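Report on the structure given below.
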Amino acid sequence: MTRVTKNPEIRKEELIEIAEELFAIKGYEETPVSDIVKKAQVAQGTFYYYFKSKDEILDSVVDRLISESAAFIREQSQREDIDAIQKIIASIKMFYQFGTEHKGLISFFHQEKNSLLHIKMEKKTEAAIVPIFADIIKQGVEEGLFDTKYPREASSVIFSCWDRLFDPSGFASTSLESKKQLIVAGFSIIERVLGAQNGSLTRSILEMLEVHHGE
C-alpha cells in the first residue's frame, strides 16, 4: 500500500478526526490504536509520533469537541435575528444532539472509574461555554426576557444542571414519560435561575424530545 505524505498538522488533525469517529461508533475502550491507524492508512509508528498514547489522542478529541461546541454557541450568541431564549434553546439542542451522536464516548467518561477524567472534561467545557452563555443571558436581561443580576453565576448553574440532566447513565435509559418529567423539573429550575417566564424553555425542549424519540 502506498502511503501518502501529508503536512504534519493535516495528518495530526486527520488522526484526531478518525479517533473521534471510531470512539463515537465503537466506544473509547473498544477502539484499539490499530483500528485508528488502519482507517488512517498510516503505520503504527506514525500515530506514536503525534501521540504518546490513546489517552493523549482522547484529550485531543475532547478539546476538538469542546472547541466545536463553543464555536457553535458563539455563533448563536452573535446572531441578530433571534432572541436570547432562542439562542439558549438552539445551544441546548446542539448539546442533546452531541450526546446522541457520542453515546459511547460520553458513557466512558461517566463510568465511576473515570471520574477524574470526567471532572477534567467538565472543567474544560465549563471554561469554554459559561462565558459565552453569560453574554446570552445578559442579552436576555436587556430584552426583558430574563431577570437576574448574576449572569455569569446563572450560566454556571445552568451548565451544571443540564450536564446532570442529560447524564447518559440515567437519562438515556429511562422511558419517554420519565424523560419528560426530568425535563419539566430541570428546566423549571433553569427558568427560575434566569428569572424567565414559566415554560419559556421547557416547551421547546419537550418538543425536541418528542422529535428525537420518534426518529
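Values in this text are rule-based calculations from the coordinates and carry no lab data. Everything numeric here is computed off the predicted structure, so don't read it as measured data. Please note: Cβ atoms are built from the backbone with ideal geometry, for glycine as well, and neighbour counts cover all protein chains shown.
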The simple spin-label model distance between Glu101 and Ile82, using points 7 Å out along Cα→Cβ, in nm, is 1.6 nm
Simple label model, 7 Å out from Cα along Cβ direction - Glu9 to Ser53, nm | 2.8 nm
Match the structure shown to one of the listed values [x] 31, 18, 16; [y] 36, 19, 15; [z] 45, 21, 13 of semi-axes √(5λ) of the Cα gyration tensor in Å, computed from it, and give that label.
-> [y]
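Please tell me which of these pairs span more than 21 angstrom C-alpha to C-alpha: Lys6/Lys39; Lys12/Lys54; Lys12/Lys38; Lys54/Lys120; Lys26/Lys124?
Lys26/Lys124
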Cross-link reach from Lys123 to lysines, straight Cα distance under 20 Å and at least 8 residues apart if same chain, gives Lys103, Lys113
